[in-house]
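Asker: Quick one: the structure is below, questions incoming.
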Amino acid sequence: MKKYTNILFDLDGTLTDPKVGITKSVAYALKSFGIEVKDLDSLCKFIGPPLRVSFRDYYGFSEEECNRAVEKYREYFSETGMFENRVYPGIEELLKSLKKNGRKLFVATSKPTVFAVKILEHFDLLRYFDDVSGSELDGSRDRKGDVIRFALQKNGLTGLTNVVMVGDREHDVVGAKENNIDVIGVLYGYGDRAELEKAGADYIVENVENLHSLLCRSGGS
C-alpha cells in the first residue's frame, strides 16, 4: 500500500456532520419559492454536491432560480446553519495522530472557502490543516474536480503519487479520479457503498476508526 503523506479531506459528511444546518438552510430557501418541506431528512441529498446543481436537479430550477435559492440558503446558513453541525467522533484524534506522524493535511470542499474556514475555526480543527480550498461565493470552482485541482496546484502537489482524497460521496471520488489521485470513500457520511464503488473508490472504510487504521498503515506509523 502507498504511503500517503498528503491527505485531502472533504468537509461535509467526512470531517463533520452538517445535516441539521444544511437541511434547515435548504428548507428556508425552498420556502421562499413557496415550497414547504416538512421532512428535513428528505433534504439530506443536498449534502455533498454543489448547491446550484442540487436545486437544478431536484427541483428543476432555472439558472436564475438556482442563484436566488443559493442566496436565500446563505441567509440562514451564514448566521445559524453553519454552526448546526458536529464533528464526527474520533476525527480530532485522527487529525492529531496524522499531524504527529508528519502528514500534511488539507481540506478540499465544494463549500465556499470562507464558510469552511469559519466552521473549522468554530470546532478548533483549523490548526490541523496546512490549507483549506473551497469554492468562491460567486459559484465558481464549485465542482469537486476543480476544487481538488486548485488545492493540488496551490500546494504544489500535482503529479505526486503520495496524495489521497478522503470523502463520502461520488463527487469526491470522481473529482479525485479526474486529478489522477487515489481516493478513500467513507461510509459514515452520506454516500453508500454502491455509490462509492460505482464511482471507483480505491478503498472504502466503514468508520473513522477504520479510516485511522488505513491511513496509519499506509505510512507505517
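Asker: Connecting C-alpha atoms closer than 10 Å in a GNM of the chain, tell me which of Y188, Y58, Y88 has the biggest fluctuation.
Answerer: Y58
Asker: Same structure, new question: Have a look at R141, R149, R56 and tell me which one the Gaussian network model of the chain (Cα, springs below 10 Å) gives the largest fluctuation.
Answerer: Its mean-square fluctuation being the largest, the pick is R56.
Asker: Mind telling me which of P89, P112, P18 comes out most flexible in a GNM of the chain, alpha-carbon contacts under 10 Å?
Answerer: Comparing P89, P112, P18 in a Gaussian network model of the chain, the most mobile one is P89.
Asker: Over segment 19-83, calculate the relative contact order: mean separation of alpha carbon pairs under 8 Å at least 6 apart, over the residue count, as a percent.
Answerer: 47 percent.
Asker: Over the chain, what is the percentage of antiparallel beta bridges among all DSSP beta bridges, to the nearest 5?
Answerer: 10
Asker: List the residues of segment 121-161 whose backbone N lies under 15 Å from a point placed 7 Å from the Cα of K3 along the Cα-to-Cβ direction.
Answerer: 161
Asker: Where does the chain land at 222 nm, in deg cm²/dmol rounded to the nearest 500, when only DSSP H runs of n ≥ 4 count, each adding -39500 (n - 2.57), divided by all residues?
Answerer: -13000 deg cm²/dmol
Asker: Using only the Cα atoms of segment 19-83, build the gyration tensor, take square roots of its eigenvalues as a ≥ b ≥ c, and label the shape rounded, prolate or oblate: rounded if a/c is under 1.5, else prolate if a/b is larger than b/c, else oblate.
Answerer: rounded
Asker: Now a separate question. Taking 8 Å as the Cα distance limit and 6 or more residues as the minimum spacing, I'd like the relative contact order of the chain as a percentage.
Answerer: 26
Asker: May I ask for the angle, rounded to the nearest 10°, between helix 91-100 and the longest principal axis of the chain, with both axes built from Cα atoms and the value confined to 0 to 90°?
Answerer: 40
Asker: Right, next: Please say if segment 87-167 is rounded, prolate or oblate, where rounded means a/c under 1.5 for a ≥ b ≥ c the square roots of the C-alpha gyration tensor eigenvalues, and otherwise the choice is prolate for a/b larger than b/c and oblate otherwise?
Answerer: Note, shape of segment 87-167 comes out oblate.
Asker: For K104, give me every one of the lysines with a C-alpha distance below 16 angstrom, ignoring sequence neighbours fewer than eight places off in its own chain.
Answerer: K2, K3, K96, K154
Asker: Work from the charge dipole of segment 1-128 (Cβ charges, +1 for Lys and Arg, -1 for Asp and Glu, about the Cα centre) and give the residue of Y88, A29, I47 farthest towards its positive end.
Answerer: After comparing all options, I get Y88.
Any read-out appearing in this document is the output of simple, stated calculations on the displayed coordinates, not a laboratory observation. Remember, it's a predicted structure, so these values are computed and weren't measured experimentally. Cβ coordinates were reconstructed from backbone atoms using ideal geometry, including for glycine residues, and neighbour counts include every protein chain displayed.
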